[in-house]
Amino acid sequence: MSMALAAAVTTTKDEAGFRAARRVNQSLTAAMEKRALQWMAERAPSWVSSDKLTVLGLSAQIGAGAFYALSRYDRRFLLLVILCVVLNWLGDSLDGTLARVRQQQRPRYGFYVDHMVDVIGTVALMCGLGFSGFLHWQVAIAMLVAFLVLSSESYLATYTLGCFELSQGIFGPTEIRILLIVGNIALLRSPYSTLFGHTMLLFDLGGTIAAVCMFATAIFVTVRHTAELYKQEPLP
């Protein structure tokens with residue numbers, strides 16, 4: 001058998017053997033969001049494609065990072081951050097639903113591209129927050145590292161367990177975006193918060209809590225998934 005033919009056979013077997021992971025979303029807004037996305041996908045014009053929506057989501061998240069950096073000089077740029085967060089939700093959430101409604105699913109392509117876009121967009125967002133002056137760089141880096149650790153665990157669990165958990169408990173990406181919008185509105189009023197008589201940056205407080213929660217969640221689900229895999233693959 002020639003190398004080209006062998007490669008073709010291998011590719012065909014790989015494609016035939018690939019199974020899309022079961023998606024689990026138990027967040028607070030999951031049911032309502034699913035209905036809204038289904039409604040929009042069924043009415044989207046033909047020129048709107050999943051790839052264009054993915055580009056919109058990434059561009060909006062990079063834009064949010066840029067406007068965060070500019071908000072260091074004028075807090076009114078936070079209004080544009082909010083707009084970008086909404087557009088990021090639209091692009092990031094609707095692209096997969098549109099593909100499913102139109103029967104144009106590309107499971108491997110979609111999974112890979114969507115999550116690389118999430119990583120790149122989050123790096124841009126955290127860099128923008130670091131430049132904004134609304135929180136210290138140490139907190140921005142801690143949030144980014146925690147996000148990458150939690151994301152890595154999620155991707156590994158998807159591959160090994162065949163289950164992709166879009167939310168952790170009642171919190172998913174949409175809930176995080178809502179909290180970010182609320183935080184931006186609070187920043188327009190004042191960038192500071194008082195806790196136990198100590199004044200600190202509002203986003204330092206929120207960012208520290210977010211980083212700790214993400215690290216704790218990563219540890220918890222790692223232990224749970226490790227135990228589950230140990231049961232599935234016991235020693236002989």
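The values are calculated or read from the model by the stated rules, or taken from the named source; none is laboratory data. On a predicted model such as this, the values are computed, not experimentally measured, just so you know. As a convention, Cβ positions derive from the backbone with ideal geometry for all residues, glycine included, and neighbour counts pool all protein chains shown. We work out accessible area using only protein heavy atoms, side chains counted, and drop any ligands, DNA or RNA first. Shrake-Rupley method; radii C 1.70, N 1.55, O 1.52, S 1.80 Å.
Checking the conditions here, which among Thr217, Thr226, Thr194 is in contact with a strand residue (DSSP E or B) (Cβ under 9 Å, 6 or more places away or on another chain) and open to solvent by 70 Å² or more (accessible area, probe 1.4 Å)?
Thr194
Residue pairs, Cβ under 6 Å, 6 or more apart or interchain, first in region 34-58 and within 13 Å of Leu90 (Cα to Cα), second in a helix (DSSP H, G or I) and polar (S, T, N, Q). List them.
From residues that are within 13 Å of Leu90 (Cα to Cα), the pairs are Leu37/Ser93; Leu37/Thr97; Ala41/Thr97; Gly57/Asn88.
Suppose the filter is open to solvent by less than 50 Å² (accessible area, probe 1.4 Å) and either outside any helix (DSSP H, G or I) or farther than 25 Å from Ser71 by Cβ (or both); does Ala140 pass it?
no
Thr174 - would you say it is among the hydroxyl-bearing types (Ser, Thr, Tyr), open to solvent by less than 40 Å² (accessible area, probe 1.4 Å) and in contact with a strand residue (DSSP E or B) (Cβ under 6 Å, 6 or more places away or on another chain)?
Details: among the hydroxyl-bearing types (Ser, Thr, Tyr): yes; open to solvent by less than 40 Å² (accessible area, probe 1.4 Å): yes; in contact with a strand residue (DSSP E or B) (Cβ under 6 Å, 6 or more places away or on another chain): no.
When the stated conditions are applied, Thr174 does not pass them.
If you scan region 184-218, which residues turn out to be aromatic (Phe, Trp, Tyr) and at pLDDT 90 or above?
Tyr192, Phe203, Phe215
Just checking, which of Tyr73, Tyr109, Tyr68 is at pLDDT 95 or above and open to solvent by 70 Å² or more (accessible area, probe 1.4 Å)? Can you show your working first?
On the way: Tyr109 fails: at pLDDT 95 or above; Tyr68 fails: open to solvent by 70 Å² or more (accessible area, probe 1.4 Å).
The match here is Tyr73.
Report yes if Val86 is closer than 15 Å to Ile185 by Cβ and either of a type in the set (A, V, I, L, M, F, W, C) or surrounded by 18 or more Cβ atoms within 10 Å (Cβ to Cβ) (or both), otherwise no.
Criteria met by Val86.
Listed here are the residues, each with its yes/no results for (1) farther than 23 Å from Ile170 by Cα; (2) modelled with pLDDT under 95.
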residue: Ala16; (1), (2): yes, yes
residue: Arg23; (1), (2): no, yes
residue: Val48; (1), (2): yes, no
residue: Leu87; (1), (2): no, no
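Taking only pairs six or more apart or across chains, which ones have beta-carbon atoms under 8 Å, a first residue in region 74-92 that is more than 14 Å from Leu180 (Cα to Cα), and a second residue that is of a type in the set (Phe, Trp, Tyr) and at pLDDT 95 or above?
Going by the 8 Å Cβ cut-off, the qualifying pairs are Phe77/Phe67; Phe77/Tyr68.
Could you list all residues from region 162-199 that are touching a residue at least 24 places away in the same chain (Cβ under 8 Å) and at positive phi?
Listed by number, the residues that qualify are Gly162, Gly169.
Listed residues Leu37, Leu28; which is open to solvent by 70 Å² or more (accessible area, probe 1.4 Å) and among the hydrophobic types (A, V, I, L, M, F, W, C)?
Being open to solvent by 70 Å² or more (accessible area, probe 1.4 Å) and among the hydrophobic types (A, V, I, L, M, F, W, C) holds for just one of Leu37, Leu28, which is Leu28.
So is Glu42 exposed (fewer than 15 other Cβ atoms within 10 Å of the Cβ), out of contact with any Lys or Arg (no Cβ under 9 Å at 6 or more places or on another chain) and of a type outside the set (S, T, N, Q) or not? Lay out the reasoning, then the answer.
Values: exposed (fewer than 15 other Cβ atoms within 10 Å of the Cβ): yes; out of contact with any Lys or Arg (no Cβ under 9 Å at 6 or more places or on another chain): yes; of a type outside the set (S, T, N, Q): yes.
The answer is yes for Glu42.
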